[in-house]
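Take a look at the structure set out below.
The values are calculated or read from the model by the stated rules, or taken from the named source; none is laboratory data. Please read all numbers here as calculations on a predicted model, not as lab measurements. As a convention, Cβ positions derive from the backbone with ideal geometry for all residues, glycine included, and neighbour counts pool all protein chains shown. To get the accessible areas, we keep the full protein, side chains included, count just its heavy atoms, and leave off ligands, DNA and RNA. Shrake-Rupley method; radii C 1.70, N 1.55, O 1.52, S 1.80 Å.
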Amino acid sequence: MMDDRNTLSSQQTFAGAIELIWREAELLDRKDYREWLSLWDPAGFYVVPIEHDTSDFAATLNYAYDDHDMREKRVQRMLSGYSVSAADAARTVRTVSRFTLASDASDEVTVNSAQVIVAYKRGKSTLFAADLTHRIGFASGEPRIVQKVIRLIDSTEALSAIGFLL
């Protein structure tokens, strides 16, 4: 017989992870990058790999492989106004769905999902689609992003400049 308390706890953890992922999407669409940084575990990594099936991000080429320091620097560039991507950043609307619980431990869950971003810039809309994997930690009591991997469906093709965080 299954323990109803563990099942309920697991469902609440999964729901909390989904809430955090939706909150992240909202903050990125609002370009609230400073608040976005607060969602992260300091040891976390933001990863946009080129090869769709890679899992060794440190040993492969990535569009982004940002630790805490690099996320801070990326946000600083985005907010400075000096970066071309910051001065003329696209407006975005994200839809994140198809949530599945990939792993569930007492202090961390892994959630897979799908994301579609519509980016509008200079009278043109562009679609970006990706499979996402979020590792969400609960060790501190607050959910924090431990790792976010964005696997763009067209990552091996020539991508136009992406002047925003995925």
### Query
Are there any pairs, at least 6 apart or on different chains, whose C-beta atoms fall under 6 Å, with the first in region 29-50 and free of Cβ contacts under 8 Å to residues at least 40 places away in the same chain and more than 18 Å from Val109 (Cβ to Cβ) and the second open to solvent by 50 Å² or more (accessible area, probe 1.4 Å) and of a type outside the set (Gly, Ala, Ser), and if so, which?
Pro42/His68
## Note on the structure
Scanning region 34-73 for residues that are open to solvent by 60 Å² or more (accessible area, probe 1.4 Å) and within 23 Å of Tyr120 (Cα to Cα) gives Arg34, Glu35, Tyr63
### Summary
Of (1) surrounded by 12 or more Cβ atoms within 10 Å (Cβ to Cβ); (2) within 16 Å of the chain's Cα centre (by Cα), Phe138 fails just (2)
### Of the criteria (1) at pLDDT 95 or above; (2) assigned to a strand (DSSP E or B); (3) of a type in the set (Gly, Ala, Ser), which one Ala25 fails
(2)
### Task
Quick one: in region 74-89, of everything that is outside any helix (DSSP H, G or I) and surrounded by 14 or more Cβ atoms within 10 Å (Cβ to Cβ), which residue is modelled with the lowest pLDDT?
Ser83
### Summary
Exception for Ser106 within (1) modelled with pLDDT of 95 or more; (2) at negative phi falls at (1)
### Query
Yes or no: Ser106 part of a loop (DSSP other than H, G, I, E, B) and within 27 Å of Gln11 (Cβ to Cβ)?
yes
### Query
Assuming Thr92 fulfils every condition listed in (1) among the hydroxyl-bearing types (Ser, Thr, Tyr); (2) over 19 Å from Ile50 (Cβ atoms); (3) open to solvent by 20 Å² or more (accessible area, probe 1.4 Å) apart from one, which condition is it?
(3)
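From the list Val93, Val111, exactly one residue is touching a Leu at 6+ places or on another chain (Cβ under 9 Å) and within 19 Å of Glu19 (Cα to Cα). Which is it?
On inspection, the qualifying residue turns out to be Val111.
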